[in-house]
Amino acid sequence: MKILVPFKRVPDPATTIRILPDGSGIATDNVKWVINPFDEIAIEEALRIKERLKTGEVVLMTIGQSNWQEQLRTGLAMGADRAKLIVTDKPLDTLTIARVIAKVVAEEQPRLVILGKQAIDDDSNQVGQMLAEILGWPQATFASKLEIEGDRCTVVREVDGGLETVAFPLPAVVTTDLRLNEPRYASLPGIMKARKKELKEIPIESLGLDLTPKLRVKELKAPPKRQAGRKVGSVQELVKLLHEEAKLI
Amino acid sequence: MGDVLVFAEHQHEHFPKSTLVAINAGLEMARKRGAQCLVAVLGENVESLAQQAAKYGAAKVIALEHPALKNYLADAHAQALANLVKSIGAEYVMATATARGKDLMPRLAARLDAPMASDIITINDDGTVIRPMYAGNGMALVEMDGPVKVITVRATAFDAAPEASSPSPVEKQPATLDQASLKMEFVNFNEIKSDRPQLTEAHIVVSGGRGLKSGENFKTVLEPLVDAVGAAMGASRAAVDAGFVPNDLQVGQTGKVVAPDLYIAVGISGAIQHLAGMKDSKVIVAINKDEEAPIFSVADYGLVADLFKAVPEMAEEVRKLKQS
Ligand SMILES: Cc1cc2nc3c(=O)[nH]c(=O)nc-3n(C[C@@H](O)[C@H](O)[C@H](O)COP(=O)(O)OP(=O)(O)OC[C@H]3O[C@@H](n4cnc5c(N)ncnc54)[C@H](O)[C@@H]3O)c2cc1C
Ligand SMILES: Cc1cc2nc3c(=O)[nH]c(=O)nc-3n(C[C@H](O)[C@H](O)[C@H](O)COP(=O)(O)OP(=O)(O)OC[C@H]3O[C@@H](n4cnc5c(N)ncnc54)[C@H](O)[C@@H]3O)c2cc1C
């Protein structure tokens with residue numbers, strides 16, 4: 001079974017984010033770039049499905065700048081078979097990103113597309129659902145368990161108040177939640193092999209899509225900072241303050 | 001000017017507070033845009049539910065019915081709602097960023113060829129909105145183009161709609177659906193039942209982290225405090241990943257966002273991803289044995305102590321206080 005995993009490059013979650021004073025974005029000088037953590041989980045799940053079925057192909061793709069190659073190589077080193085980089089340096093909105101992925105789906109014809117539930121920088125949580133609609137495919141977001149039997153896919157989803165199970169025939173779109181799996185690290189032989197794997201660069205213009213965003217970020221500002229309060233000396237003092245000063249207990 | 005349509009999520013024949021928040025945000029948008037706010041209730045048989053939604057001052061409540069809408073499924077709901085948006089010519093479609101809102105609204109946006117802003121916290125008079133990015137480290141001012149715009153609102157950023165003086169008219173409509181195109185099937189919902197208040201609705205939240213060390217300690221050490229103060233229980237990702245508590249208790253950037261009157265963080269270090277889910281709480285208390293823990297930088301009251309000693313003591317103090 002062929003599985004497509006679209007991923008995004010994001011600042012390492014441990015990075016301290018600084019907003020540029022002119023409101024145009026974040027300072028990137030000290031940022032370490034990584035595969036979006038939810039997308040690492042997506043890659044891992046695709047690899048496990050391939051290993052379980054003992055057949056198939058895992059294709060990675062990302063839409064970004066030429067130097068996102070580095071993260072594609074990391075994904076290939078984890079074990080993915082080949083990769084596509086759709087090259088652009090423009091800010092694209094989520095619907096455009098979903099349309100670009102849909103173009104790649106039309107060409108590659110995967111049975112399953114696995115994405116992250118959200119990119120941890122822009123936090124939109126949209127692309128997978130949009131892609132499913134554009135393709136007219138079923139969707140299962142926030143997956144914590146995924147089973148495939150023949151052409152039928154069953155997914156347990158992390159929702160408010162519990163776990164929901166949905167089922168549908170393939171092809172389909174699934175987005176990952178944190179508990180789906182624990183991604184592997186790239187091994188040294190994996191890294192060596194990755195160098196020889198196919199990585200194709202495709203200029204976004206060649207896809208013939210209108211890239212004008214319908215959503216624009218006009219300004220990015222730092223939020224008001226919360227002031228630290230005070231330390232209290234004992235449990236008794238704490239409870240007294242919560243009762244008498246804050247009037248919450 | 002086109003109208004505002006609010007998707008009214010319901011569970012167990014009931015609207016959670018998050019739905020009343022969506023209605024209130026919809027009313028605010030309508031006021032600011034000089035338009036009307038309509039509410040859509042989707043399901044198989046939802047007329048009496050729609051009557052409940054009619055209490056909050058919308059211009060109209062539409063009960064959109066179809067057997068295929070019995071259980072929530074993204075494909076059928078997106079299709080039915082998109083057809084309704086087109087038939088009434090709504091300009092804004094809004095919902096709260098609950099698990100369901102997050103699942104449905106992007107699919108709807110794609111079907112309507114509309115831009116979407118997620119998890120917004122402010123509606124400006126000119127129709128622009130503000131949404132957090134980078135785990136709350138950045139506030140983005142967002143502008144959208146086109147005849148239709150889709151929005152989810154952060155539940156903690158808007159109040160619940162108050163009851164209005166007179167009920168809205170309710171209109172029943174059959175949903176238009178192309179059933180052959182629907183492929184999803186609802187299998188089951190494994191609900192985690194709890195007698196405690198809902199995490200996202202509670203006035204007080206007590207959350208535990210890796211410092212609790214086990215699921216057993218959550219029960220024997222943390223829960224007595226949770227119940228003594230009448231709180232909902234939350235957790236850090238580390239505690240959920242370790243299997244101490246269920247997934248849906250995770251507070252943070254990639255879990256639930258809460259903003260109760262009082263948030264008590266126990267054995268939680270205060271990673272940026274956790275802070276993103278609780279730093280708008282009115283009063284924050286941190287109990288941690290490490291005085292350098294970043295959680296203290298947002299805490300109004302910090303107690304440097306061993307939780308295994310401090311938490312049972314605190315539960316006892318609160319019980320004494322409540323008895324007196
Ligand atoms: C300063 C600044 C200006 C910006 N300007 C704009 C703007 O004008 N208009 C606008 O709409 N947005 C703008 N953005 C945000 C934009 O570029 C988002 O990255 C984009 O909209 C996608 O949203 P997301 O990453 O939150 O996607 P999500 O929906 O959270 O991502 C979900 C999943 O989709 C997949 N995915 C996401 N992005 C990609 C990708 N590039 N390649 C492959 N797969 C991907 C991944 O699997 C990911 O896990 C701006 C951001 C900044 C910081
Ligand atoms: C993609 C991604 C998404 C994430 N999303 C979230 C999210 O939504 N929510 C979230 O919470 N995290 C999230 N995280 C994880 C986050 O980065 C932290 O790892 C996590 O919050 C740490 O949990 P913790 O504070 O319980 O554990 P730790 O950081 O290990 O802290 C435990 C604390 O307990 C204290 N302690 C230990 N023993 C005692 C004792 N006996 N008495 C008192 N104090 C004690 C320690 O001093 C320490 O400060 C995410 C991470 C990533 C990469």
Per the list (1) within 11 Å of chain A (Cβ to nearest Cβ); (2) open to solvent by 10 Å² or more (accessible area, probe 1.4 Å), residue check on B:Gly267 breaks on (1)
Restricting attention to the stretch B:109-122, the residues that are more than 8 Å from chain A (Cβ to nearest Cβ) and not hydroxyl-bearing (Ser, Thr, Tyr) number exactly 3
Taking the stretch A:1-58 and the residues there that are more than 12 Å from chain B (Cβ to nearest Cβ) and of a type in the set (Asp, Glu), the one that is surrounded by the fewest Cβ atoms within 10 Å (Cβ to Cβ) would be A:Asp29
_Meets criteria (within 30 Å of B:Asp300 (Cα to Cα), within 14 Å of chain B (Cβ to nearest Cβ) and either within 16 Å of ligand 1 (Cβ to nearest atom) or modelled with pLDDT of 95 or more (or both)) for A:Pro213_ = no
Of the listed residues (A:Ala83, A:Ala42, A:Ala98), the one being of a type in the set (A, V, I, L, M) and more than 10 Å from ligand 1 (Cβ to nearest atom) is A:Ala83
Within the stretch B:270-292, residues being within 7 Å of ligand 2 (Cβ to nearest atom), of a type outside the set (A, V, I, L, M, F, W, C) and either at the interface with another protein chain (Cβ under 9 Å from one of its Cβ atoms) or in a loop (DSSP other than H, G, I, E, B) (or both) number 5
The one condition B:Pro106 fails out of (1) modelled with pLDDT of 95 or more; (2) over 25 Å from B:Gln250 (Cβ atoms) is (2)
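Take the residues in the stretch B:128-157 that are hydroxyl-bearing (Ser, Thr, Tyr) and under 24 Å from B:Phe15 (Cα atoms), then tell me which one is least open to solvent (accessible area, probe 1.4 Å).
Pass one, the stretch B:128-157, residues hydroxyl-bearing (Ser, Thr, Tyr): B:128, B:134, B:152, B:156.
Imposing the further condition that a residue be under 24 Å from B:Phe15 (Cα atoms) reduces the set to B:152, B:156.
Working: B:Thr152: 3, B:Thr156: 49 Å².
Step by step, filter the stretch B:128-157, then rank; the result is B:Thr152.
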Of B:Tyr92, B:Tyr134, the only residue that is aromatic (Phe, Trp, Tyr) and more than 7 Å from chain A (Cβ to nearest Cβ) is B:Tyr92
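Do you know which residues across the stretch B:1-30 are open to solvent by 30 Å² or more (accessible area, probe 1.4 Å) and touching a strand residue (DSSP E or B) at 6+ places or on another chain (Cβ under 8 Å)?
B:Asp3, B:His10, B:Leu27, B:Glu28
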How many residues of the stretch A:214-249 are within 15 Å of B:Val142 (Cα to Cα), in contact with an Asp or Glu (Cβ under 9 Å, 6 or more places away or on another chain) and in a loop (DSSP other than H, G, I, E, B)? The answer is 1
Flagged in the stretch B:193-211 as assigned to a strand (DSSP E or B) and either at pLDDT below 95 or hydroxyl-bearing (Ser, Thr, Tyr) (or both), in numbering order, are B:Ser207
Only one of (1) assigned to a helix (DSSP H, G or I); (2) away from ligand 2 (no atom under 16 Å from the Cβ); (3) in contact with a Lys or Arg (Cβ under 9 Å, 6 or more places away or on another chain) does not apply to A:Ile49, and that is (3)
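The values are calculated or read from the model by the stated rules, or taken from the named source; none is laboratory data. Please read these numbers as outputs of a predicted model, since none were measured by experiment. Positions of Cβ are backbone-derived with ideal geometry, glycine not excepted, and every protein chain shown enters the neighbour counts. Note: areas computed on protein heavy atoms with side chains; ligands, DNA, RNA excluded. Shrake-Rupley method; radii C 1.70, N 1.55, O 1.52, S 1.80 Å.
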